[in-house]
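Chemist: Below you'll find the structure I mean.
The values are calculated or read from the model by the stated rules, or taken from the named source; none is laboratory data. Since we're looking at a predicted model, the values are computed, not measured. Please note: Cβ atoms are built from the backbone with ideal geometry, for glycine as well, and neighbour counts cover all protein chains shown.
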Amino acid sequence: MTPVLSMKHAQVPKLSALGNGFSGGHAGESPRLIDLFCGAGCFTLGFTSKFGHDFVPVWANDIDASAADSYKANFGHCMVGDIIDILDDPSTQVPQADLVIGGPPCQGFSLLNKNRQSDQRKHLWRPFFEVVERSGASIFVMENVPQLIGSFEHGEIVGTAEALGFKVHSEKLLAADYGVPQIRFRAFIVGSKLNDPREFFPPARTHFQPNGRSLPLNFDGRHLHEWKTVRDAISDLPKPVGTEIRQVAPPLDFHFGRTPTAISLLRYKTISKEGMNRFDLQRRRKDLTPPCWIRKTSGGTDLFGRLWWDRPAFTIRTEFFKPEKGRYLHPVEHRPITHREAARLQSIPDTFRFRGSKTDIARQIGNAVPPLLAAKVAERVVAMLRTREGKSVSGRYR
């Protein structure tokens with residue numbers, strides 16, 4: 001018997017193919033999207049035709065000028081500046097939109113931030129909701145670090161959204177479960193005025209962690225795919241050339257290396273096997289191990305770590321080019337991963353345009369929402385825009 005699909009996991013066609021059905025739209029139009037704290041635009045990218053959707057970005061903002069330049073290079077527009085100042089400016093006109101997405105700066109919640117109790121960046125979700133209200137959006141998606149869920153601020157966010165007439169649902173998603181070659185957990189808060197988002201979210205997993213047993217099945221009886229790996233993402237790339245951005249075609253434009261010191265290179269060679277880390281360095285060559293690592297006898301097993309070919313990468317952060325910051329050494333070569341390799345591990349296409357210095361671009365890559373994960377979230381948003389609470393999804397959506 002053919003399984004009956006719930007709204008939560010139904011396959012939904014592009015909105016423009018179905019005509020009017022979203023806020024303020026006309027038949028044949030695409031839904032309008034606003035992206036706040038947009039960075040280079042990888043969250044937006046997952047909602048566009050590059051990943052099978054047809055949302056149109058109509059407004060975006062970031063305080064980082066180089067990230068805004070990247071967004072402009074890919075989508076044609078971006079307002080640069082502090083969102084609070086922009087919204088306080090009487091001349092600012094927030095366009096009408098169907099959806100607002102964005103990730104208010106998350107360092108205030110991050111486990112890496114020791115001063116998070118008093119960090120004022122936690123409160124930038126307030127202007128996010130001002131834009132939601134001024135744009136008339138019927139759905140919002142807020143992305144952040146997993147530590148947000150269950151925090152006091154999470155309660156405030158949910159309460160504010162509900163006061164504006166939204167039903168809200170929150171989930172923690174693992175990027176590797178959706179085809180991203182990376183272990184990266186992110187929190188998503190989804191609000192809708194059209195229906196209850198818990199009926200649609202989270203997206204059905206498409207990938208699983210292989211364990212040697214039979215392949216698991218998805219909700220509709222389809223086999224899941226194994227997690228994508230570092231090998232899948234970067235094994236076709238040649239050895240990097242030079243230490244600067246090159247004026248050549250992608251993927252080689254951002255595939256450059258660094259000039260390690262003699263002691264750094266010796267450290268790389270000492271932990272030559274996949275998966276090794278700072279503890280292996282200390283065990284093999286204590287004389288090469290920094291004293292601060294020797295004193296730190298627990299935790300930090302990914303510091304100065306080497307990736308595995310046949311596993312997903314660990315979380316790509318903004319300083320992936322520094323092996324002392326995480327598990328960022330190439331599986332077999334004696335070097336940290338390149339900008340291009342980091343972008344691929346984030347599922348960012350080679351054709352995506354970055355602007356800025358090497359450090360600027362690294363920050364944009366590390367802060368990005370993996371667009372492949374964003375695309376899976378977009379599928380659920382499409383489903384919410386095409387249905388109303390209490391209605392089942394037609395079989396043609398399968």
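One line per residue, one yes/no per condition, for (1) touching a Lys or Arg at 6+ places or on another chain (Cβ under 9 Å); (2) under 21 Å from E130 (Cα atoms); (3) in the same structural domain as L307 (by TED's automatic domain parsing):
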position: G150; (1), (2), (3): no, no, no
position: G159; (1), (2), (3): no, yes, no
position: Q182; (1), (2), (3): yes, no, no
position: R186; (1), (2), (3): yes, no, no
position: R198; (1), (2), (3): yes, no, no
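Chemist: Quick check on my filter: what residues within segment 226-247 are touching a residue at least 24 places away in the same chain (Cβ under 8 Å) and either exposed (fewer than 14 other Cβ atoms within 10 Å of the Cβ) or in contact with a Gly (Cβ under 8 Å, 6 or more places away or on another chain) (or both)? Walk me through it before giving the result.
Modeler: In the first step, residues of segment 226-247 are kept if they are touching a residue at least 24 places away in the same chain (Cβ under 8 Å); the result is 227-235, 237, 239-240, 244-245.
Residues satisfying the conditions are K228, S235, K239, P240, E244.
Chemist: Considering only residues of segment 210-257 that are among the aromatic types (F, W, Y) and assigned to a loop (DSSP other than H, G, I, E, B), which is modelled with the lowest pLDDT? Let's see the steps before the verdict.
Modeler: First, the residues of segment 210-257 that are among the aromatic types (F, W, Y): 219, 227, 254, 256.
Filter once more, so that each one left must be assigned to a loop (DSSP other than H, G, I, E, B): 219, 227, 256.
Working: F219: 56, W227: 97, F256: 98.
Restricting to residues being among the aromatic types (F, W, Y) and assigned to a loop (DSSP other than H, G, I, E, B), the top hit is F219.
Chemist: Okay, next question. Hey, could you check segment 186-209 for residues that are charged (D, E, K, R) and outside any loop (DSSP other than H, G, I, E, B) and say which is surrounded by the fewest Cβ atoms within 10 Å (Cβ to Cβ)?
Modeler: Restricting attention to segment 186-209, the residues satisfying the condition of being charged (D, E, K, R) are 186, 193, 196, 198-199, 205.
Within this subset, residues satisfying the condition of being outside any loop (DSSP other than H, G, I, E, B) are 186, 198-199.
Values: R186: 22, R198: 15, E199: 18.
Of everything passing the filter in segment 186-209, R198 is surrounded by the fewest Cβ atoms within 10 Å (Cβ to Cβ).
Chemist: Those residues that are assigned to a strand (DSSP E or B) and either on the phi > 0 side of the Ramachandran plot or not assigned by TED's automatic domain parsing to the domain that holds V132 (or both), I need them from segment 78-103; list them, please. Can you show your working first?
Modeler: If we filter segment 78-103 for residues that are assigned to a strand (DSSP E or B), which is where we start, we get 79-80, 99-102.
Answer for segment 78-103, where residues must be assigned to a strand (DSSP E or B) and either on the phi > 0 side of the Ramachandran plot or not assigned by TED's automatic domain parsing to the domain that holds V132 (or both): just G102.
Chemist: Still on this structure, I have one more. Can you find, within segment 155-176, the residue that is surrounded by the fewest Cβ atoms within 10 Å (Cβ to Cβ) among those that are without any contact (Cβ under 8 Å) to a residue 40 or more places away in the chain and under 19 Å from the mean Cα position of the chain (by Cα)? Working first, answer last.
Modeler: Initially, segment 155-176 is screened for residues without any contact (Cβ under 8 Å) to a residue 40 or more places away in the chain, giving 155-172, 174.
Applying the additional criterion that residues be under 19 Å from the mean Cα position of the chain (by Cα) yields 169-172, 174.
On the way: H169: 18, S170: 21, E171: 17, K172: 15, L174: 19.
Checked segment 155-176; the qualifying residue surrounded by the fewest Cβ atoms within 10 Å (Cβ to Cβ) is K172.
Chemist: Can you find even one residue in segment 66-74 that is of a type outside the set (V, I, T), touching a residue at least 60 places away in the same chain (Cβ under 8 Å) and either buried (at least 23 other Cβ atoms within 10 Å of the Cβ) or touching a strand residue (DSSP E or B) at 6+ places or on another chain (Cβ under 8 Å) (or both)?
Modeler: Checked against the condition, which is being of a type outside the set (V, I, T), touching a residue at least 60 places away in the same chain (Cβ under 8 Å) and either buried (at least 23 other Cβ atoms within 10 Å of the Cβ) or touching a strand residue (DSSP E or B) at 6+ places or on another chain (Cβ under 8 Å) (or both), segment 66-74 yields at least one hit.
Chemist: Could I ask something else about it? Hey, could you check segment 277-301 for residues that are within 32 Å of the chain's Cα centre (by Cα) and charged (D, E, K, R) and say which is farthest from Y328 (Cα to Cα)?
Modeler: K296
Chemist: Counting residues that are farther than 30 Å from F188 by Cβ, which helices (runs of 4 or more DSSP H) fully inside segment 272-374 reach at least 2?
Modeler: Working: elements: 278-284, 291-295, 339-345, 358-367.
Those helices (runs of 4 or more DSSP H) span 278-284, 291-295.
Chemist: If G41 satisfies every condition in (1) over 17 Å from A343 (Cβ atoms); (2) in contact with a Pro (Cβ under 9 Å, 6 or more places away or on another chain) but one, which is the exception?
Modeler: Condition not satisfied by G41: (1).
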